[in-house]
Amino acid sequence: MRRRVIVAAWRSWDSPPPQNRAPALDEALEGIDQLAQRWSCGERESQAMHPLEAIRLLHDGAVLGGSGPIPTPDDLLKFDECFVQSSHREKSVINIWYTTSGSADQKAKRLGISRATLYVEWKRTLSYFRGWLRAHGLDI
């Protein structure tokens, strides 16, 4: 009897997930989600190199410098413009969702809403950003 339960549990675990589950995010919003993720990493990518890291690289024979800072892509500049012009509510959702760590429950608590409402607000905010960007010439 015990063997049958273990085999049944293993088979149900090993089977693929049902195909009728809805994706976490609509396909139409996947592009704007990826752009928001890139945007949220932009500040960290543009920070200056730590001096000790520069010394280590120079010691290893690296040539530092170059032609100046790497320009920010236009789509990130447009996203940033939308962020600056958006309401406090949209800014809060984008900041909490993309720049803070923690579970969805923790992020919802920071915003003072339920977890279910967080997902609704996240998708609504992405839709707003997508519409704004499309209206300003960036088709995402």
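The values are calculated or read from the model by the stated rules, or taken from the named source; none is laboratory data. These numbers come from a predicted model, not from an experiment. Cβ coordinates were reconstructed from backbone atoms using ideal geometry, including for glycine residues, and neighbour counts include every protein chain displayed.
Under the condition of being in a loop (DSSP other than H, G, I, E, B) and at pLDDT 95 or above, which residue from region 87-113 is nearest to R124 (Cα to Cα)? My answer is S87. Given the condition modelled with pLDDT of 95 or more, closer than 21 Å to L77 by Cα, out of contact with any helix residue (DSSP H, G or I) (no Cβ under 8 Å at 6 or more places or on another chain) and among the small types (G, A, S), answer yes or no: does some residue in region 119-131 qualify? The answer is yes, given that some residue of region 119-131 is modelled with pLDDT of 95 or more, closer than 21 Å to L77 by Cα, out of contact with any helix residue (DSSP H, G or I) (no Cβ under 8 Å at 6 or more places or on another chain) and among the small types (G, A, S). Residues of region 82-100 being more than 18 Å from A24 (Cβ to Cβ) and hydroxyl-bearing (S, T, Y), which ones? Scanning region 82-100 gives S86, S87, S92, T99, T100. The residues of region 108-137 that are crowded, with 19+ Cβ neighbours inside 10 Å and more than 18 Å from D26 (Cα to Cα) amount to a single one, A108. A residue that is surrounded by 10 or more Cβ atoms within 10 Å (Cβ to Cβ), at pLDDT 90 or above and closer than 25 Å to R130 by Cβ occurs nowhere in region 45-64. Filtered by the rule that a residue be without any contact (Cβ under 8 Å) to a residue 12 or more places away in the chain and part of a helix (DSSP H, G or I), region 125-140 gives G131, R134, A135.
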